[in-house]
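Asker: Dumping the structure here so I can ask a few things about it.
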Amino acid sequence: MTDRYAVIGNPIGFSKSPLIHGTFAQATGQDIDYTAIEGPLGGFAGAADAFRAAGGLGLNITAPFKLDAFAYATERSERAQLAGAANAMKFDGERVLAENFDGVGLVRDVTHNLNQPLKGKRVLLLGAGGAARGALLPFLAQEPAGLVIAHRSVDKALELARIGAGHGAVRGCAYTDLVGQRFDVVFNATSASLRAELPPVPASVFAHCALAYELAYGKGLTPFLRLAQNAGVQQLADGVGMLAEQAAEAFAWWRGVRPDTRAVIDKLTVPLV
Ligand code: ATR
């Protein structure tokens, strides 16, 4: 029997997950059916119940349901707990397992696809929302020389740094504190690019920077990437690889086989112009 999986969100029309998982299934010879569900706002639990009752084995979760999915689960991985959010679930009878693969997907994209090891590097993370929280532990597991989190209200940056403190060298600061500081890799985990805005980051952070990474996907050359480019950063990337890699992690978790992501990344890449 064909095993059923889906992505749930609202809206869901633009989700690339059915295409990604369909490509993975074909490449690995896995017999799965992967669809997209538009969950009613405020009705996540009912939609998840119905999917499970119909034999569904796993869900990917996107906005605005990542916190609802976390609450719905009966077991949560450490990564999901730290992020306070789930982007993948696995159903096993009465058990509902929650995971968050966004951060590990991001790290795999950077270290594997983009060939930028984070070990020993000075890493700057802009933003302290859901995406930044998900990246915190996976970043620190790479043992950077230091991870700095900048946020427009310093308290939120300090809070996130406190959470990561037991896991590596991390500190929080305000954007204004970044003047004069240098970083090897800079990540934009704010949602500013979704509105074509620029987080208030001083261009000087890019002086010795090898990679500027925009976690948002498909927005072309965002104001953040343009600033980095104008400052002379050689390598620019958006979140297409992160999207593919987090999907591959979920696929491997569900099916026990890890698909290659190259074809998906090539298919979904939007030029950074
Ligand atoms: P996501 O799940 O994509 O991380 P989020 O949890 O809403 O979304 O987090 C978005 C982050 O981007 C927040 O840290 C937000 O700052 P606030 O907490 O102050 O809202 C940050 N952000 C959004 N627009 C920004 C901008 N123009 N400049 C700087 N930070 C911005």
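Asker: How about the stretch 115-137: which of its residues are more than 13 Å from the ligand (Cβ to nearest atom), open to solvent by 10 Å² or more (accessible area, probe 1.4 Å) and not small (Gly, Ala, Ser)?
Answerer: The answer is Asn115, Gln116, Pro117, Lys119, Lys121, Arg122, Leu137.
Asker: Can I ask one more? Would you say Gln30 is in contact with a strand residue (DSSP E or B) (Cβ under 9 Å, 6 or more places away or on another chain), over 30 Å from Gln234 (Cβ atoms) and in contact (Cβ under 8 Å) with a residue 12 or more places away in the chain? Even if it seems obvious, please write down each step before you answer.
Answerer: Working: in contact with a strand residue (DSSP E or B) (Cβ under 9 Å, 6 or more places away or on another chain): yes; over 30 Å from Gln234 (Cβ atoms): yes; in contact (Cβ under 8 Å) with a residue 12 or more places away in the chain: yes.
The answer is yes for Gln30.
Asker: Would you please name the residue that is nearest to the ligand (Cβ to nearest atom), looking only at residues in the stretch 145-179 that are of a type outside the set (Val, Ile, Thr), over 22 Å from Ala216 (Cβ atoms) and in a loop (DSSP other than H, G, I, E, B)?
Answerer: Selected residue: Ala174.
Asker: Does Leu82 fit the bill of being away from the ligand (no atom under 13 Å from the Cβ) and touching a strand residue (DSSP E or B) at 6+ places or on another chain (Cβ under 6 Å)?
Answerer: So Leu82 fails the test.
Asker: Scan the stretch 86-106 for residues that are open to solvent by 20 Å² or more (accessible area, probe 1.4 Å) and either among the small types (Gly, Ala, Ser) or assigned to a loop (DSSP other than H, G, I, E, B) (or both) and report the count.
Answerer: Total meeting the criteria: 2.
Asker: Out of the residues in the stretch 189-206 that are more than 9 Å from the ligand (Cβ to nearest atom) and touching a Leu at 6+ places or on another chain (Cβ under 8 Å), which is nearest to Val110 (Cα to Cα)?
Answerer: Phe206
Asker: Still on this structure, I have one more. Within the stretch 207-226, take every residue that is more than 15 Å from the ligand (Cβ to nearest atom) and either in a loop (DSSP other than H, G, I, E, B) or not small (Gly, Ala, Ser) (or both) and give me the one that is farthest from Val148 (Cα to Cα).
Answerer: Going through the qualifying residues, I end up with Gly220.
Asker: Here is a further query. Could you check Ala83 against (1) under 21 Å from Leu243 (Cβ atoms); (2) at pLDDT 95 or above; (3) open to solvent by less than 30 Å² (accessible area, probe 1.4 Å) and say which number it fails?
Answerer: Of everything listed in (1) under 21 Å from Leu243 (Cβ atoms); (2) at pLDDT 95 or above; (3) open to solvent by less than 30 Å² (accessible area, probe 1.4 Å), Ala83 misses just condition (2).
The values are calculated or read from the model by the stated rules, or taken from the named source; none is laboratory data. Just so we're clear, the structure is a prediction, and the values are computed from it rather than from any experiment. Cβ sites come from the backbone with ideal geometry, for glycine too, and all protein chains shown count toward neighbours. We work out accessible area using only protein heavy atoms, side chains counted, and drop any ligands, DNA or RNA first. Shrake-Rupley method; radii C 1.70, N 1.55, O 1.52, S 1.80 Å.
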